[in-house]
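Here is the structure we will look at.
The values are calculated or read from the model by the stated rules, or taken from the named source; none is laboratory data. Here the structure is a predicted model, which means the values were calculated and not measured. Positions of Cβ are backbone-derived with ideal geometry, glycine not excepted, and every protein chain shown enters the neighbour counts. Please note that ligands, DNA and RNA were not included when accessible areas were found on the heavy atoms of the full protein model with its side chains. Shrake-Rupley method; radii C 1.70, N 1.55, O 1.52, S 1.80 Å.
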Amino acid sequence: MSALLEKIASSQKAALEAMAQANQAQDLEKARVDFLGAKGQLTELTRAVGTLPPEERPQAGQAANVALKAVKAAHQEAVARLAKAQTQKAALDVTLPGRRRPIGHQHLIGRVMTEICEIFERLGFSVVEGPEVETDYYNFEALNFPADHPSRDMQESLFVGDKLLLRTHTSPVQIRTMEQRKPPVWVVAPGKTYRRDDDITHSPMFHQVEGLVVDEGVTMADLKGVLSAFATSFFSPDTAIRLRPSFFPFTEPSAEVDIACVLCGGKGCRLCKGSGWLELLGSGMVDPALYNFVGYDPKKVSGFAFGLGVDRAAMLKYGLSNIRHLYEGDLRFLEQF
Ligand code: DAH
């Protein structure tokens, strides 16, 4: 047998093996090119038949043809085999786990508001609510803001009608609650509030939690104790608070409550502008003038109130620098909480 015949036989054997073993389309294609391509092994060997002495050509030519035919057939078979495997893979596999729908969760603000209310509920408060569209009477007058008084300017109100506005704070719920309940009153009122204000720490719609306690013998020490308990529970167990004199028409005396800076712990840093303290909420002893509006006896009861900015509290707790993150609805942000 001529050397060429031997080469044809072994190339055919190798080609058939390569075709049979190919499990990926690219492996199969490589085998096709290696053996049947323009410069493939079998193609070259077939071409070499023409270089043999004439008497050897017929036998070698026939062997080459048989080999080419067999390898082409094996290639077709392999193509069909891979195509079948592909469709089987795409077909329904009932053993796979089901596809889950993405499930949303409560917005950070809702979560923080719930958390704040729960802390106060553990301290004996109950939760009440009031309307977002409020009358001038509840938003201002009964809270001791005299008509046309400059203290109303602090509020940046959004009016929706004559004497009707989007409430600028949750404090009107104090009046509505006292109208409906006799002391003792221990309530918190969470909700949306609105002002003409828009920058990186202010949004025209924001959230507050109002607190009101009216009972016998309530003093400023109770205010400080309750708010200190809140701060340690909401931020961290060693969070200190301090009271700073302030002014609100509906409290006397009034105090701004600061917490020790959540970033530096009080040493002074960029966040607290070197002071070591961060403003958290407004508070004070309920001005007895309010009791006249609701029929409480100022000689029998006293109380304190506070108003906490939920957005601000959330920003401090989670280190957010821009309030807009809370309202843009970007899932990459929201899904972190
Ligand atoms: N209502 C005030 C505001 O939005 C916050 C506030 C201050 C509420 C003192 C209170 C309080 O209940 O006692 O600016």
Original post:
Can we say GLU328 is without any contact (Cβ under 8 Å) to a residue 40 or more places away in the chain, open to solvent by 70 Å² or more (accessible area, probe 1.4 Å) and within 15 Å of the ligand (Cβ to nearest atom)?
Top reply: no
Original post:
Just wondering, is there one or more residues in segment 302-314 that are surrounded by fewer than 21 Cβ atoms within 10 Å (Cβ to Cβ), at pLDDT 90 or above and within 16 Å of the ligand (Cβ to nearest atom)?
Top reply: yes
**OP:** Kindly list, by first and then second residue, each pair from a residue in segment 149-162 that is in contact (Cβ under 8 Å) with a residue 24 or more places away in the chain to a residue that is in a strand (DSSP E or B) and loosely packed, with under 14 Cβ neighbours inside 10 Å, limited to pairs with Cβ atoms under 7 Å and residues at least 6 apart or on different chains.
**Re:** VAL160/VAL133
**OP:** Go through VAL185, VAL214, VAL160 for me and flag whichever is modelled with pLDDT of 95 or more, out of contact with any Pro (no Cβ under 7 Å at 6 or more places or on another chain) and not hydroxyl-bearing (Ser, Thr, Tyr).
**Re:** VAL185
Original post:
When THR232 is evaluated against the numbered criteria (1) among the β-branched types (Val, Ile, Thr); (2) in contact with a strand residue (DSSP E or B) (Cβ under 8 Å, 6 or more places away or on another chain); (3) more than 11 Å from the ligand (Cβ to nearest atom), which criterion, by number, is the only one it fails?
Top reply: (2)
Original post:
Has segment 204-226 got at least one residue that is outside any strand (DSSP E or B), surrounded by 15 or more Cβ atoms within 10 Å (Cβ to Cβ), within 28 Å of the chain's Cα centre (by Cα) and in contact (Cβ under 8 Å) with a residue 60 or more places away in the chain?
Top reply: no
Subject >> Considering residues of segment 279-290 that are surrounded by 19 or more Cβ atoms within 10 Å (Cβ to Cβ) and assigned to a strand (DSSP E or B) only, the residue modelled with the lowest pLDDT >> reply: LEU280
